[in-house]
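What follows is a short report on a single structure.
The values are calculated or read from the model by the stated rules, or taken from the named source; none is laboratory data. All values reported here derive from a predicted model rather than from experimental measurement. Cβ sites come from the backbone with ideal geometry, for glycine too, and all protein chains shown count toward neighbours.
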Amino acid sequence: MTDNIIPSFELLVRHDEKLKVFNDTVPAGILVLRVDDGQVIFSNRFFHEALGADGEQVFGESWDDFFVDTEERQNLMIEFIENDEVRNFELRLKHKNGGIVWGLASMSSIPIEDEDLLLFAFIDVTPLKEAEAKIQALANYDTLTELPSRRLFSDRLTKAMDRAERAETDMAVLFIDLDGFKAVNDTLGHEAGDLVLKEVSLRLRDCIRKPDTVARLGGDEFIVIIEHQNTANATIVGERIVKSLSQPIETPDGVANIGASIGIAFFPNDGQSEDNLLKAADKAMYKIKKGAKGAVGLA
């Protein structure tokens, strides 16, 4: 058994040219740590580059300093203690510029005579995580207005209905359809139309509370979720939106004048599912649309 024990890790790295080359070329960050205090006694070039550091900033440091979340390090050690090794453990390390480096870590013990050492290998998957975040953002947010999309709205509405049911409180959905938006596209052009939609999204945000949700369903249709609101308060919010959107919007191609017709439906009285609630709010909105427009109607 003793034949398999490395006499000294430091001596091995210093005198074994093959190991030096391996540690400089393997496409993973590598640390060798002392078990008793977590101090780094070896780190390779890829680990330095992943964290934006140099060897002097890593060597001799405690690996605790590299973790974004100490709980992740603790869970890593728990898994190591339970299994004697770790494979593909997802965690986050600190970049020297203040950013986050996502990675998959593996860890095992090193058979060193009279030394308790750990080998920590780290594969940087930050580009993959960033790509996943972009895909998630594209799925959940409207690219033009940066408002929640129909998909995210649906998720938030379901949760809002659950909260309202548990608390036995009212929750309102405001279905908003812009008046005169087609004329903006026809007379000022689609670029001006896009600017108008962006301005509308900003004004809608200003008309509601931070906990509430405003989403773009598509085209010139928007929807708002407001929780813990009775009929009177929800109507006040709707009237505030109508007033805000009736104000002229300046664009490089001219002034756009639009308005808004709004239908309001309440959970649970007007619908106890997403589909029924939206249908009720949509129907109330179209009653306004067919009449005077620029007003608020209740389901």
Check your understanding: Can you name the residue in region 198-208 that is touching a helix residue (DSSP H, G or I) at 6+ places or on another chain (Cβ under 9 Å) and over 10 Å from I258 (Cβ atoms) and, of all such residues, is surrounded by the fewest Cβ atoms within 10 Å (Cβ to Cβ)?
Key -> D206
Exercise for review: Taking only region 68-95 into account, find how many residues are β-branched (V, I, T) and within 25 Å of E49 (Cα to Cα).
Suggested key: 3
Check your understanding: How many residues are in a strand (DSSP E or B) and either in contact with a helix residue (DSSP H, G or I) (Cβ under 7 Å, 6 or more places away or on another chain) or not charged (D, E, K, R) (or both) if we restrict to region 116-130?
Key -> 8
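Within the bounds of region 159-171, is there any residue that is on the phi > 0 side of the Ramachandran plot, in contact (Cβ under 8 Å) with a residue 40 or more places away in the chain and not in a strand (DSSP E or B)?
Of the residues in region 159-171, the ones on the phi > 0 side of the Ramachandran plot are 168.
With the extra rule that they be in contact (Cβ under 8 Å) with a residue 40 or more places away in the chain, the set shrinks to none.
No: region 159-171 contains no residue that is on the phi > 0 side of the Ramachandran plot, in contact (Cβ under 8 Å) with a residue 40 or more places away in the chain and not in a strand (DSSP E or B).
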Check your understanding: Of all the residues that make up region 217-262, how many are over 21 Å from V196 (Cβ atoms) and in a strand (DSSP E or B)?
Key -> 3
Review point. When you look at D124, is it within 30 Å of D275 (Cβ to Cβ), touching a residue at least 60 places away in the same chain (Cβ under 8 Å) and among the acidic types (D, E), yes or no?
Key: no
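Using the structure shown, decide if W63 is over 26 Å from A133 (Cα atoms), crowded, with 18+ Cβ neighbours inside 10 Å and without any contact (Cβ under 8 Å) to a residue 60 or more places away in the chain.
Yes; evaluated as a whole, the condition is true for this residue.
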Exercise for review: Filter region 119-141 down to the residues that are buried (at least 17 other Cβ atoms within 10 Å of the Cβ) and out of contact with any Phe, Trp or Tyr (no Cβ under 8 Å at 6 or more places or on another chain), then identify the one that is nearest to L51 (Cα to Cα).
Suggested key: A121
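Quick grid of which residues meet (1) modelled with pLDDT under 95; (2) of a type in the set (G, A, S); (3) in the same structural domain as A183 (by TED's automatic domain parsing); (4) surrounded by fewer than 19 Cβ atoms within 10 Å (Cβ to Cβ):
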site	(1), (2), (3), (4)
G254	yes, yes, yes, yes
I258	no, no, yes, no
G263	no, yes, yes, no
P268	yes, no, yes, yes
G271	yes, yes, yes, no
E274	yes, no, yes, yes
A281	no, yes, yes, no
K290	yes, no, yes, yes
K293	yes, no, yes, yes
Check your understanding: Going by the structure shown, is L93 modelled with pLDDT of 90 or more, surrounded by 14 or more Cβ atoms within 10 Å (Cβ to Cβ), assigned to a helix (DSSP H, G or I) and of a type in the set (A, V, I, L, M)?
Key -> no
Point to revise | Tabulated pairs, region 33-52, first loosely packed, with under 15 Cβ neighbours inside 10 Å, second at pLDDT 80 or above, C-beta under 7 angstrom, 6+ apart or interchain | key: V35/D116; V35/L117; V35/L118; D36/D116; G52/H95; G52/K96; G52/N97
Check your understanding: Within the bounds of region 115-136, is there any residue that is more than 15 Å from the chain's Cα centre (by Cα) and over 30 Å from P27 (Cβ atoms)?
Key -> no
